[in-house]
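See below for the structure under consideration.
The values are calculated or read from the model by the stated rules, or taken from the named source; none is laboratory data. Please read these numbers as outputs of a predicted model, since none were measured by experiment. No Cβ is skipped: glycine too gets one built from the backbone with ideal geometry, and neighbour counts run over all protein chains shown.
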Amino acid sequence: MEPPVNTEGEALRDEKVKVLKAVRPATPAQLVRGQFTGYRREPGVAADSQVETYAALALAIDSWRWSGVPFYLRAGKCLPVTATEVVVELRPPPANVFGDLGPEQPNHVRFRVGPDVAIALGPTPRSPDRS
């Protein structure tokens, strides 16, 4: 979000609302829903249940600051990893002021806040859901 015009709560709220309004509507191609294997065998679940137990969604924000930055949300039951994390891919700057330092490789900073708190630096992971 952009910095608020002052430190009052209303100004901060207004900037948050601007970001939420700038979220591009998702298309069906950006959404995956499903049911974990064995869900229909769970106690109290109908054998023909069509209820989704997980979903994954890719979102984009229409603003100059977040142009080209995907936001991936995943949630559900019985996923292989239980975590709340943010992975930030650091891209090279548009102009290299330090000359040729060798091949540029994207790096990332990972902030995991649950269930274990961790901060990691390193090469960009192949998949955001890797542990």
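Name the residues in the stretch 75-87 that are of a type in the set (D, E, K, R) and within 19 Å of V109 (Cβ to Cβ), would you?
E85
Please pick out the residue among S63, S67, S49 that is over 30 Å from E2 (Cβ atoms), assigned to a loop (DSSP other than H, G, I, E, B), of a type outside the set (D, E, K, R) and out of contact with any strand residue (DSSP E or B) (no Cβ under 6 Å at 6 or more places or on another chain).
Just a single option satisfies the conditions, and that option is S49.
Residue by residue, here is whether (1) modelled with pLDDT of 75 or more; (2) outside the structural domain of K16 (by TED's automatic domain parsing) holds:
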{"residue": "P43", "(1), (2)": "yes, no"}
{"residue": "Q50", "(1), (2)": "yes, no"}
{"residue": "A56", "(1), (2)": "yes, no"}
{"residue": "S63", "(1), (2)": "yes, no"}
{"residue": "E104", "(1), (2)": "no, yes"}
{"residue": "H108", "(1), (2)": "yes, yes"}
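Restricting to the stretch 39-74, count the residues that are within 28 Å of E15 (Cβ to Cβ) and aromatic (F, W, Y).
4
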